[in-house]
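Rule-based calculations on the coordinates, nothing more; no lab input. These figures come from a predicted structure and were not determined experimentally. Counting neighbours? That spans all protein chains shown, and the Cβs are built from the backbone with ideal geometry, glycine included.
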Amino acid sequence: MLGVFWRCIVTGLIAGVGAVVLQYLWDTLKRCLRKDLPPGPFGVPLLGYLPFMPKDGHRGVEALRQKYGNVFGVHLGSRYVVFLCDFDSVKEALSQDSLLNRPEEFPFKVNEHSQGLIVLNGPLWKEQRRFSLKLFKNLGIATTAMEKHIHEELSYLLRELESVKSGRIVPTTVLTPSTSNIISALVFGRRFEYDDPERVYLDKLIEVIPALAAQVSAINFFPWLRKLFVFFRMGACEQLRDALVRREDFADSKIDFHQDTYQDGLVRDYIDGFLSEMKQQDEGCPTFTRNLLKGNVASFFGAGSETVRAAIEWLLLVSAMKPELQRRIHDEIDAVLASGESSHISWSNRSQMPYTQAFMWETMRVKPVNPLSLMRYAATDVKVGKYVIPRGSVVIGSIWSIFYDPAYWGDPEVFRPERFLTNDGTRPQKPERFIPFSYGKRACPGEVIANMETFIYFTSILQHFTVEPPPDGPKLVLDEVLGISLRPKPQELLFRPREVHL
């Protein structure tokens, strides 16, 4: 009996290995015969090219671009992935409706029933995107009301920095709760004190989810293996799922509070606006559901807090490492405030601060927070240049490659803010190919608020402080922490109060 069992096991394994080898040979043959497919390396059976990709995937993609060209395809696990590494290809591809969808195995889905803007597809995604943008506009996003709220939150951050007697601090320790509070106000209608247990709990989730997602990123190219890991609750997959569930449960508790205190005609925040829409929709065909609201709220915290915080961290680090450039920013800040019209920098002042804007854009170019665009799924065959991306492929744009393209930038390895200024240096100029928030209809919907928040935070901090390397600390480095977004290695910076700030 036991012999029969083992014979079945061995036969199954041989059949499985044989199927994998045959599939690999068939895929290889197709790539050799079809001349319209993008070029690229072949890899090995089952794993594809995955074992040869470096941990910092954006640099690995750039290395392959230099060998195979701006559009190349590669098997990663059981997925065929096409990378687009120049602006023209990204623009052509991501403008097409056939590439609007996310893959079903998107890494931030708790389960097959998960919803939320970041994972939705089709008409429901279009409806939710349109609704959310309209609601945020009605809530005053990118207006003076929003700017007032940002400055109020900033006042707490500045007091925290001033309270550090040594002036030495790792910026992320105060930036995490502060930037998260901006999203909290929009979504929950309130801020949390930095030491509030709910704030600490949420910020821990904001920290751990990207790190866990990076650990399991390779498994996402093996949909069957991912399902197996999740089903048996194994390793980092289970830890990520648990963290995502806890983030949704946190959102759930806030929805309960809003339902208990809801008043018709009074929209305090995003949750109220969504609940109002739920009450008005057709009961026979509801698309606005509690599950969807929970997913949207979780998506806003995942995307809104992490990216803005990382961008500000890079700006402060580069400022500390380039004091002569920081002085030029201080000069622009002081010149604006010297007019006496306001005691702080406002969003409208950016036109008077061309060098500051150029410095920010150059930092975002050299250290893009999202060096690879989020995955898209080809619903049909898609033509890009002379190549065809087959239906069912995953498509990823390499923002890193676009930002380091010597054919356009000339000297991309050099940090030179002047590339974003007119020849006379009096006005900022942003080229079309500068796309830190990706491109097309599925680009980040929060780009405007992210830009406003980053500008006001950065200039307000430099209004009050000079940021320096600690005199007796290790040398500052531009090393990257790999995760869903690209963040600087945590390092202490010295925030020295400015002797004169207007």
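Tabulated values for the structure
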| item | result |
| --- | --- |
| Most positive-pole-ward Cα, S89, W125, S163, against dipole of the range 80-204 from beta carbon charges | S163 |
| Within straight-line cross-link reach of K383, lysines at Cα separation under 19 Å, skipping those fewer than 8 residues along the same chain | K30, K35, K91, K441 |
| Nearest-ten-degree value, helix 354-366 long axis tilted from longest Cα axis of the chain | 20 |
| The range 385-502: mean projected area of Cα convex hull, nm² | 11.8 |
| Degrees between helix 290-321 axis and first principal axis of the chain (Cα, 0 to 90, nearest 10) | 60 |
| Excluding exposed DSSP-loop GluC sites (Glu not before Pro) (at most 10 other C-beta within 10 Å), longest clean stretch of the chain | 113-282 |
| Stokes-Einstein D in µm²/s, Kirkwood radius over Cα pairs - the chain at 20 °C with 1.002 mPa s viscosity | 87 |
| Local net charge near Q66, Cβ-Cβ under 15 Å (Lys/Arg +1, Asp/Glu -1) | -1 |
| Size of charge dipole - the range 34-497 - debye, nearest 20, with Cβ of Lys, Arg +1 and Asp, Glu -1, no other charges | 1340 |
| For the range 232-384, convex hull volume per residue from C-alpha positions, Å³ | 262 |
| Folded to 0 to 90 degrees: helix 144-163 orientation relative to the chain principal axis, Cα | 80 |
| Whole-number percent relative contact order across the chain, with pairs defined as alpha carbons under 8 Å at least 6 apart | 22 |
| DSSP bridge pairs, the range 34-497: antiparallel proportion in percent, nearest 5 | 85 |
